[in-house]
1. Which one is nearest to the chain's Cα centre (by Cα) among residues in the range 38-76 that are surrounded by fewer than 10 Cβ atoms within 10 Å (Cβ to Cβ) and under 19 Å from L24 (Cβ atoms)?
2. Can you name every residue in the range 35-74 that is part of a helix (DSSP H, G or I) and either at pLDDT below 85 or farther than 20 Å from M20 by Cα (or both)?
3. So for the range 21-30 (the condition being of a type in the set (S, T, N, Q), surrounded by 12 or more Cβ atoms within 10 Å (Cβ to Cβ) and assigned to a helix (DSSP H, G or I)), does at least one residue qualify?
4. Take the range 18-34 and flag every residue that is among the aliphatic types (A, V, I, L, M) and within 16 Å of I51 (Cα to Cα).
Amino acid sequence: MAPQTELPRIPEPAHEADVMREQLEYLIEHVTAAGQCGCAECQRYLRARAILLEIFEKPPRPTKVQEIAPRLALAA
């Protein structure tokens, strides 16, 4: 009987949410420790922050055309 060779185990990939959480923690720690020094990591932090907080921004006020468009459509 031939000896069995053990193949190297390939670890499972990390879950995407875990990687994102780790990256956010890293960026927050960087900005907290160093302040916003303007480096590439600080720029990544600012982009991520803007995207994540976008939902809390007030929606823009509709323009006059957007306000009257539904009424014009009904009148046609």
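The values are calculated or read from the model by the stated rules, or taken from the named source; none is laboratory data. Bear in mind that the values here come from a model prediction, so they are computed numbers and not experimental data. Methodologically, a virtual Cβ is constructed for each residue, glycine included, from the backbone with ideal geometry; neighbour enumeration extends over all protein chains shown.
1. Checking each candidate, the answer is I51.
2. Scanning the range 35-74 gives F56, K64, V65, Q66, E67, I68, A69, P70, R71, L72, A73, L74.
3. Yes, that holds for at least one residue.
4. Once the filter is applied, which keeps residues that are among the aliphatic types (A, V, I, L, M) and within 16 Å of I51 (Cα to Cα), the range 18-34 yields M20, L24, L27, I28.
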